[in-house]
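Have a look at the structure below before the remarks.
Please treat every number below as a calculation from the coordinates, not as lab data. These numbers were taken from a predicted model, which means no experiment stands behind them. Quick reminder, even Gly has a Cβ in these numbers, built from the backbone with ideal geometry, and neighbours come from all protein chains shown.
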Amino acid sequence: MSDGLHPPRGASPRIKARLDDLAVLGGPRTFPEPLHVGRPNVGDRERLRRRLEDLLDRRWLTNDGPYVQELERRLADLLDVPHCIAVCNATVALGIAARALGLTGEVVVPGFTFVGTAHALAWIGLEPVFCDVDARSHCIDLRSAERRVTARTSAILGVHLWGRPCDVEGLEAVCARRGLRLIFDAAHALACSHRGRPIGGFGDVEVFSFHATKFVNAFEGGAVTTRDAGLARRMRLMRNFGFADYDTVVELGTNGKMSEPSAAMAITSLESLEEFVAVNRANHERYAAALAGTPGLALLGPAAGERWNYQYVVVEVDEDAAGLTRDDLHRVLWAENVLARRYFHPGCHVMAPYRGAPSVSLPVTDRLARSVLCLPTGTAVGGPEIDAIGAVLRVAAAHAGDVRSRLAASTPSGRAAAGGAAP
Ligand code: T4K
């Protein structure tokens with residue numbers, strides 16, 4: 001059984017060295033089982049079991065139970081913020097935050113983010129208005145955001161993408177000047193900092209995700225943090241149908257409560273936060289070594305001087321320099337059973353629910369949506385797996401011309417014969 005911090009060890013994967021070794025061209029797969037990007041970190045199973053027994057003995061399973069309250073205290077301490085409210089997931093948390101802030105009309109939001117960011121707004125009748133992102137940070141581009149503000153705009157929503165901080169002060173200045181509220185989607189940004197302060201205390205409200213695929217997880221879960229006591233009170237009421245006590249409803253609300261098993265998982269997971277970050281960091285450094293000198297592949301690093309959780313391994317593929325597109329490499333990796341992800345392809349602004357909105361040109365979003373590839377990391381992955389993935393990418397890059405022409409020539413039935421998993 002896994003110790004929760006290291007992958008269960010089988011035989012080390014084979015390190016590929018020749019073009020014909022690539023599974024997409026007919027060679028054997030590097031990994032017999034799929035290697036996922038979002039494999040959950042588990043942490044100390046014994047402590048989790050004890051907590052689950054405890055909550056079953058107590059027969060208190062949800063509705064602001066003791067584990068939820070403990071989680072909120074621990075998160076508020078970690079993030080150095082006075083108010084933290086645990087919620088069933090980050091998507092619902094964003095909706096609750098937007099409602100509690102009284103947002104109306106349009107909200108400016110980056111096109112390059114998980115679609116849940118935009119859906120959370122559209123689901124409650126707000127109109128996400130997409131702006132571009134900055135090419136270096138991948139976070140919301142200040143000037144593009146301000147250009148999208150109209151008389152109907154009530155807020156800007158910045159996303160600390162990959163845990164890298166937005167230009168917080170720039171956004172605060174725009175929002176102050178234009179009379180807007182400021183929300184941060186911090187789904188990726190637990191244990192990350194901006195100017196040395198933990199992300200969690202910026203803007204009017206920040207929202208975290210503890211989905212199973214996040215490095216700290218609650219199975220499903222999220223949290224909102226704020227420095228504003230009145231806002232915190234409203235969000236707490238809204239999380240529980242607006243009930244002020246057993247009988248009195250004082251707000252419009254929803255069911256956004258986190259359950260006790262989820263809080264028990266989140267607390268257990270939080271207790272291993274430093275170990276998870278250390279594993280992610282070691283993995284990141286191993287990828288950096290494995291990919292060093294490979295033309296056209298750039299690994300995204302931390303923002304200078306900031307604390308980072310290293311939970312996403314983000315590679316930007318420059319197809320001119322690499323001689324291969326991101327989608328070529330995606331196909332190469334999937335054939336090896338490395339289920340790399342094209343987050344956040346193709347960009348929210350061109351997804352079906354939003355396509356009808358007035359067309360807007362988001363060149364950086366479009367480029368990133370074509371060039372970003374996320375690789376597996378976390379406690380399910382270790383050095384031998386990363387070395388093997390790096391070798392596949394190096395072999396593909398070294399023979400880019402051949403790979404490209406053979407991929408182009410291969411038919412779907414030919415690909416199936418080569419044993420490739422379908423991306
Ligand atoms: N804002 C941002 C910026 C976000 O990135 C997200 C979520 C949100 C808001 C909303 O947060 P939540 O409402 O979810 O709390 C995943 C996650 O579902 C999503 O939480 C996350 N961002 C997004 C970046 O990634 P998918 O569509 O890639 O998920 P899925 O289910 O395909 O999982 C990825 C891989 O992980 C799978 O191929 C298999 C593996 N996996 C997954 C689960 C759930 C496991 O091995 N075990 C598991 O239990 O979106």
Completion exercise
Most exposed first, judged by fewest Cβ atoms within 10 angstrom, D185, D320, D20 run D320, D20, D185
Practice task
Describe numerically, in nm with one decimal, the distance between label points set 7 Å from Cα along Cα→Cβ at D245 and at E172.
Solution key: 3.9
Handout entry: Percent of C-alpha pairs per 10 Å bin, the chain, short to long
Key = 5, 21, 29, 25, 15, 5, 1, 0
Problem - Taking the chain and dividing mean pair separation by its residue count, relative contact order in percent (alpha carbons under 8 Å, at least six apart) - result: 25
Practice task
Could you check how many percent of all C-alpha pairs in segment 97-185 are farther apart than 15 Å?
Solution key: 51
Practice task
Run the dipole for the chain about the Cα centre, Lys and Arg Cβ at +1, Asp and Glu Cβ at -1, nothing else charged, and hand back the magnitude in debye, nearest 20.
Solution key: 500
Exercise for the section: Note down, for segment 123-245, the three equivalent ellipsoid semi-axes (square root of 5 times each alpha carbon gyration tensor eigenvalue), biggest first, whole angstrom. Expected result: 23, 20, 14
Exercise for the section: Please go through segment 178-212 and write out the trypsin sites (Lys or Arg not before Pro) that DSSP classes as loop and that have at most 15 other C-beta atoms within 10 Å. Expected result: R195
Practice task
For n ≥ 4 DSSP H runs only, could you compute -39500 (n - 2.57) per run for the chain, divide by its residues and tell me the 222 nm figure to the nearest 500?
Solution key: -11500 deg cm²/dmol
Exercise for the section: Quick one: compute a quarter of the convex hull surface over the Cα atoms of segment 1-151 and quote it in nm². Expected result: 15.5
Completion exercise
For M238, M258, M265, M351, ascending order of other Cβ atoms within 10 Å (fewest first) is M351, M238, M265, M258
Handout entry: segment 316-356: trypsin sites (Lys or Arg not before Pro) in DSSP loop, at most 12 other beta carbons within 10 Å
Key = R355
Practice task
In whole angstrom, note down how far apart the Cα centers of segment 65-98 and segment 105-181 are.
Solution key: 22
Practice task
Please work out the ratio of the alpha-carbon Rg of segment 151-203 to 2.2 N^0.38 Å and round it to two decimals.
Solution key: 1.13
Problem - Model label zone, I124; criterion: amide N under 19 Å from point 7 Å along Cα-to-beta-carbon; scope segment 220-241 - result: 221-241
Handout entry: Contact order relative to length of segment 186-343, as percent, for alpha carbon pairs under 8 angstrom and 6 or more apart
Key = 19
Completion exercise
One checks the Cα atoms of segment 287-383 and finds Rg and Dmax, in Å, of 15.1, 47
Practice task
Pull up all non-local amide H partners of V338: gap of 5 or more, or a different chain, and H-to-H distance under 5 Å with H placed in the peptide plane.
Solution key: L35
